[in-house]
Amino acid sequence: MVAIIDYDAGNIRSVENAVRFLGHDVKVTADPQEILGADHIILPGVGAFGDAMQRLCGAGLDKTIHQAVESGKPFLGICLGLQLLFEESEESPGVKGLALLPGIIRRIPEGEGRKVPQIGWNDLSFPHRSRLFEGVKEGSYVYFVHSYYLQAGEPEDVAACTEYGVHIDAAVEHGSLFACQFHPEKSERVGMQILQNFLNI
């Protein structure tokens, strides 16, 4: 069973539908026992970093997420779910993230006709081999919707990168912890391959 953590963030249903499409049982839940009892765990989300951390901590889900990651079960953060795994974000100064991995979430700089938020398709490069991208070709395009991006603290954690006026660490892998800034559930065939790779772990 795949648990999708429900903390009143957007985009949960599209992730649920994608996992069901791939043939897996899914439970959208905020119950710690159901989350910790799952085979795979996904933290999706869109919205503001500070608001999301407040909701997670208010429901005690920050502790559940730490337990889940420490258990070694495959865990995937998507979009805001990636950002929350890190230490802090320029979007919400003074708010601490889950700090499961070292790194800072920074705002995409304006300039050169760039639109912020970035909404659309961008290609990926792979600095390190990652189980998340098995069978995915270098230069494949995926779908982004974001104003903030990851600057990872440990280069070896970075599984995929892209460029949008600045170098963006677009995905990470550290042990059984994975995360994508882009939306695999909205990235057509490539995104389905990435999700299936995660669910095969």
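The values are calculated or read from the model by the stated rules, or taken from the named source; none is laboratory data. The model shown is predicted, which means the values in this text are computed figures rather than measured ones. So basically every Cβ, Gly included, is an ideal-geometry build from the backbone, and we count neighbours across all protein chains shown. With ligands, DNA and RNA removed, areas are computed over all heavy atoms of the protein, side chains included. Shrake-Rupley method; radii C 1.70, N 1.55, O 1.52, S 1.80 Å.
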May I ask you to compute the full-extension gain from Asp25 to Glu70, defined as 0.36 nm times their residue separation minus their alpha-carbon distance, rounded to one decimal in nm? 13.9 nm
Rounded percent of accessible protein surface that carbon and sulfur make up, the chain, 1.4 Å probe: 48 percent
Nearby lysines by direct alpha-carbon distance to Lys115 (threshold 29 angstrom, same-chain neighbours under 8 apart not counted): Lys96, Lys137, Lys186
Under 14 Å from the Cβ of Ala99, count the other residues' Cβ atoms, weight Lys and Arg +1, Asp and Glu -1, and hand me the total. -4
Pull up the DSSP beta bridges for the chain and report the antiparallel fraction as a percent, rounded to 5. 60 percent
Within straight cross-link reach of Lys73, meaning Cα distance under 17 Å, which lysines are found once same-chain residues fewer than 8 apart are removed? Lys27, Lys63
Take each of the peptides 7-15, 179-187, average the number of other beta-carbon atoms within 10 Å over its residues, and list them starting from the highest. 179-187, 7-15
Of 60-72, 41-53, 189-201, ordering from highest average Cβ density within 10 Å down gives 41-53, 189-201, 60-72
Given the protein chains as shown and a 1.4 Å probe, how many square angstrom of Cys79 are accessible, to the nearest 10? 10 Å²
By the mean-Cβ-within-10 Å protection proxy, highest first, 104-115, 28-39 rank as 28-39, 104-115
Rounded to the nearest 20 Debye, what is the dipole magnitude of segment 129-201 about its Cα centre when Lys and Arg each give +1 and Asp and Glu each give -1 at the C-beta? 260 debye
Name the residues whose placed amide hydrogens come within less than 5 Å of the amide hydrogen of Gln181, ignoring near sequence neighbours (fewer than 5 apart) on the same chain. Cys79, Ala171
